[in-house]
Each structure stands twice: as C-alpha cells, then as structure tokens.
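Remarks on the structure that follows.
The values are calculated or read from the model by the stated rules, or taken from the named source; none is laboratory data. Since this is a predicted model, take the numbers as computed values, not measurements. A quick note on method: Cβ atoms are made from the backbone with ideal geometry, for glycine too, and the neighbour counts reach across all protein chains shown. In case anyone asks, the SASA skips ligands and DNA or RNA and just uses the protein heavy atoms, side chains included. Shrake-Rupley method; radii C 1.70, N 1.55, O 1.52, S 1.80 Å.
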Amino acid sequence: MSEQSQRPRRPAKPYRRPQKDPVRILAFDVLRAVDERDAYANLVLPPLLRKAREKGGFEARDAALATELVYGTLRRQGTYDAVIAACVDRPLREVDPPVLDVLSLGVHQLLGTRIPTHAAVSASVELARVVLGDGRAKFVNAVLRKVAQHDLDGWIEKVAPPYGDDPEDHLAVVHSHPRWVVSALWDSLGGGRAGIEELLAADNERPEVTLVARPGRATTAELLGEEAAVPGRWSPYAVRLAEGGEPGAVPAVHEGRAGVQDEGSQLVALALANAPLDGPDATWLDGCAGPGGKAALLAALAAERGASLLAAEKQPHRAGLVARALRGNPGPYQVVTADGTRPPWRAGSFDRVLMDVPCTGLGALRRRPEARWRRRPEDLDTFGPLQRALLRTALDSVRVGGVVGYATCSPHLAETRAVVSDVLKQRPDTELIDARPLLPDVPALGEGPDVQLWPHLHGTDAMYLALIRRTG
C-alpha cells in the first residue's frame, strides 16, 4: 500500500444550509419583477413590504433597508453595470439576469451604502446561495471581492471616460443615465455643465413624499398635524412628509380626502384653474385623467366655484382609479372611459381643459428610476403623434375665450415645445398665455410663456405646462 493511500482522508465539510435574509430576498424579488414583467418598483414594493410586516418580525428598519436596496440599485444601475463589466470575463448580456440582479444589489451595498465590506459581500453571497445555488454564489463572491478593491470614486475614475474626451458619456456613467437621456436633458436645460450635473444628481436622490389636501375635504392644517409633516414649498395645498413617512397611515389619505401628489403636478392644476377666462367658468375637462391626482384637485377647485368636471380616461382600469380619487368630491363631476383623440363630447363644450398627455416620463426619474433604462429614443416617434392629436382635441373641446393646459411629465423638447409649436402653427384661432404669473412664488421659471419645472431647481418632478387661449 502506497504512502499516499495510507494518508487519512480529510472529512468532508458538512453541508450548511444557506441563511435566508428576508430583506435582501424581498429586494431581489422586486428587481426580478422589474426586469421580467416591466413592473414599476413603486407599485411592486409597497405590497411586498406590507405582506412582510403582516407575517411579523419585519421591522421599520428592515423596510427602510429593503427600500434603499431596491431604489439605490435601480438609480445607479448604469454606473454599477460599468463596474461589474470591468470585473467579469464576459459581456454583461451573457450574464444571467438573476445573477446580475444579485451582483447589482451587492455592488450597491459596497459602493452606495455604509454597510461594511465583509457584511456586504457575505450577505450577497448568502442571497446568491438561496436564490441561485452554490455554484453561482461562488461567481458572485469572486466578482464582489474585485469590486471591493475600490470605492465608488475610484471605480468611476476607472470606468468613466474623461469629461474632456466625451462629456455626455462621462455624465452618463457618473450619474447613471442613458447617454441619449443625458443629451435630451442637456438640450432642454440650454447648455452648461453645472446645470446638467445638478439635474442628473437630483434624479438620483430619494424624493420626498408630498401630500395634497383636497379643498373642501381636507386642510393643510389637518395634514400638518401628522408627525414629521412640513408645509409644501409652492402649492398652498401641499404638505411634505419627512423621510420614512408612511402616507397610507395618514387618516385623510386613507379616507381619500387627501392624496399623494407631487407638487409639480399640483402646480399644473392650479395654474390652469387660475388662468384668466373670457366668459363663463362652469364646465371643466380633464382629457387624460388617469390615475386621478390632477382630476381630484381640479374637481375640488371647480366645486368651490360651482363648476363641474368631466374626467375622461381611455384605459378602463385607470378610469376606475380616477373614480376612486374623485369619490366624495363636494361638487358635481363625471368620470367616463373615452379616447381623447375621438371624444364623445361636442366641440366647444368646456371653459377649461387640461390635457396631461402620455409621455416618456423623463420628468419623474426620481420616482421611477427604472424608466430611464426602459425608454428608448424611438419611443418619441410613438408619443409625438398622440400628443399632437390630444392637443388638437383639447383645442377643439374648449369654447372661444376658454383655456387649455397642455402638460407633460417630461422636459424633452420633442414632447413639450415642439408639440405646442407644431399644433399652434395650424391653429390661428389660439394664443399662448404667460403661465409664469400664475405661479407667483415659484422662482426660475425661464423666459416663458410656458413653464418648465425641474427637480434640482424646484424640488418637483420636471413637469411642463403651456397655457393656450382659444381666440376664435
């Protein structure tokens, strides 16, 4: 018998069952839903958090960590993809999406949080063992150990091209936006490095939760009685909740007397409601009313004047959301399921018309960070004709002397000024109204007559508004 055969064999390592971490598993499940079903995290995450709390053992700090992992990973996906690409031996498109999600969660913990390096790596490897298996967990471990060799600034220096060589690509990697979005936002701002850097950075910040007190149903004083509530910046109906505030726990929100609504959205409704009219002010239209935030505020404002609101929405399920938002309004209203490009109402029926058109949503990237990776430049070719058709409908629907508000939650020039300019060239019976005096306390509104709000300047979504009067 050989000497080698006489050596005692090392005992095999006992199998260790992977430790399930409910916080990281929940975050992984949200990322998979975003990737596989084109879901939005702000719709998927809350019910999962609620279910986890109902099971017990899932505390507020667990919910805060899960929220940070999901949104932090989605916001910085472009930067993290560049880092991961530098640490793997194959193109990212050849890495299985579930593996890439685990890696991205790990990279965010390493580069975007204060979680200690050892804890970030070990927790990510355990997650990989649970959701991917031991073999892929070894791959995750190897990649994350490479990532841990540098901090975020060190990695950006390695993976981002110098600003002087390619400004747009540099900003795209540093601030985690697709290059075409960087270019479009830069054009909308009008140039200058400082402004675009501030805007892109603002897109990566967690937005505050803003509530609206619907007139006649709730007051800001009532909402300010909630813990950690402070007044809005610009809208008289706005109240902001400090970080971590749960809007569903606010009685007025739970009862539908108040709602969650970005202050930019509130300002659009207020500007239209306060625009000067020639003649009566009795019948208002929200022509693209889903999911109902602006419609609810408009209906409440109309009720104060004895006016009524017709809220139209093409998609039946979204029309249902509008009806829910309007339930309990103190004045008359009606909700209909209707295509705004083929309206069932007669021309010239309304005194005020809001047309908040479908768009790329580039103005709400703080709230829906995954939209920046989901949208493509060719989407503009789809939205453009629809936006023009809806604006033409709005102008046909308003009476002579009435006012139309054209709004988008996108600052892209192809969805804002280009649409308004193209349509009004064919409509000599219209004129633009200067919208800036209707937002008297809001600074930095530009040269007018239209208004573009910005996250970095106003703390709102990047809402656009043009007000148009029908003159003949």
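Key figures
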item: Given (1) open to solvent by 60 Å² or more (accessible area, probe 1.4 Å); (2) assigned to a helix (DSSP H, G or I); (3) modelled with pLDDT of 90 or more, index of the condition SER5 fails; result: (3)
item: Total residues in the stretch 37-86, condition farther than 24 Å from LEU110 by Cβ, touching a residue at least 40 places away in the same chain (Cβ under 8 Å) and over 17 Å from the mean Cα position of the chain (by Cα); result: 1
item: Single residue of ASP35, ASP89, ASP81, ASP101 found to be within 22 Å of LEU132 (Cα to Cα), open to solvent by 10 Å² or more (accessible area, probe 1.4 Å) and either touching a strand residue (DSSP E or B) at 6+ places or on another chain (Cβ under 9 Å) or assigned to a loop (DSSP other than H, G, I, E, B) (or both); result: ASP89
item: Meets criteria (within 26 Å of ARG367 (Cα to Cα), among the aliphatic types (A, V, I, L, M) and assigned to a loop (DSSP other than H, G, I, E, B)) for ALA319; result: no
item: Residue within the stretch 129-139 that is open to solvent by 20 Å² or more (accessible area, probe 1.4 Å), under 30 Å from the mean Cα position of the chain (by Cα) and under 30 Å from SER183 (Cβ atoms) present; result: no
item: Of residues in the stretch 237-292 being part of a helix (DSSP H, G or I) and farther than 18 Å from ALA407 by Cα, the one most open to solvent (accessible area, probe 1.4 Å); result: HIS254
item: Count of residues meeting criterion [among the hydrophobic types (A, V, I, L, M, F, W, C) and out of contact with any Leu (no Cβ under 8 Å at 6 or more places or on another chain)] in the stretch 231-257; result: 2
item: Inter-residue pairs, beta-carbon under 8 Å, first outside any helix (DSSP H, G or I) and in the stretch 153-171, second among the β-branched types (Val, Ile, Thr), 6+ apart; result: ALA160/VAL173; ALA160/VAL174; PRO161/VAL173
item: Residue check, SER188 at pLDDT 95 or above and either under 17 Å from ARG75 (Cβ atoms) or of a type in the set (A, V, I, L, M) (or both); result: no
item: Any hit, the stretch 349-371, residues being open to solvent by 10 Å² or more (accessible area, probe 1.4 Å), out of contact with any strand residue (DSSP E or B) (no Cβ under 6 Å at 6 or more places or on another chain) and not in a loop (DSSP other than H, G, I, E, B); result: yes
item: Residues of the stretch 104-116 classified as open to solvent by 50 Å² or more (accessible area, probe 1.4 Å) and either β-branched (Val, Ile, Thr) or assigned to a helix (DSSP H, G or I) (or both), total; result: 0
item: The stretch 197-222 residues that are under 14 Å from GLU255 (Cα atoms), paired with ones that are of a type in the set (Gly, Ala, Ser) and in a loop (DSSP other than H, G, I, E, B) (beta carbon under 8 Å, 6 or more apart); result: VAL212/SER235; GLY216/GLY331; ARG217/GLY256; ARG217/GLY328
item: Pairs where the first residue, in the stretch 311-329, is closer than 18 Å to GLY256 by Cβ and touching a residue at least 60 places away in the same chain (Cβ under 8 Å) and the second is open to solvent by 80 Å² or more (accessible area, probe 1.4 Å) and not small (Gly, Ala, Ser), C-beta under 7 Å, 6+ apart; result: none
item: Enumeration of residues in the stretch 212-228 that are over 20 Å from ALA271 (Cα atoms) and open to solvent by less than 20 Å² (accessible area, probe 1.4 Å); result: ALA218, LEU223
item: In the stretch 318-342, the residues that are within 21 Å of GLN387 (Cα to Cα) and open to solvent by 50 Å² or more (accessible area, probe 1.4 Å); result: ARG318, THR337, THR341, ARG342
item: Filter result for ALA119 (open to solvent by 20 Å² or more (accessible area, probe 1.4 Å), closer than 23 Å to GLU168 by Cβ, among the small types (Gly, Ala, Ser) and not in a loop (DSSP other than H, G, I, E, B)); result: no
item: Hits in the stretch 432-453 (condition: under 21 Å from GLY384 (Cα atoms) and either aromatic (Phe, Trp, Tyr) or more than 22 Å from the chain's Cα centre (by Cα) (or both)); result: LEU432, ASP450
